[in-house]
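The values are calculated or read from the model by the stated rules, or taken from the named source; none is laboratory data. Since this is a predicted model, take the numbers as computed values, not measurements. Every residue, glycine among them, receives a Cβ derived from its backbone with ideal geometry; neighbour counts consider all protein chains shown.
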């Protein structure tokens, strides 16, 4: 008799809801609109695009596709082009990244 258990890892990403809309950089702040850009985006230091957005991320170990053990639960900046990620803890850090984005591209 053979019996197997199917293990895996599943990631759940969702948009991070910002309480203060002034934390998000706008295209008016940056003074130019690149080809790949949303209305509010941060600068990616890896691929040099304006495609980084804040997300909430949850990673789980799964058994038979059912999330069982959480591996990571937090907030990250995520680039949709190169899949670069960086953790952040509060909106003050997002404000700092916003000013870095504006200074980098102005």
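Here are the numbers:
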{"read-out": "Subset tally (residues that are more than 12 Å from the chain's Cα centre (by Cα), at pLDDT 85 or above and assigned to a strand (DSSP E or B)) for the range 33-59", "value": "1"}
{"read-out": "Residues of the range 60-106 classified as over 14 Å from residue 12 (Cβ atoms) and either in contact (Cβ under 8 Å) with a residue 60 or more places away in the chain or part of a loop (DSSP other than H, G, I, E, B) (or both), total", "value": "17"}
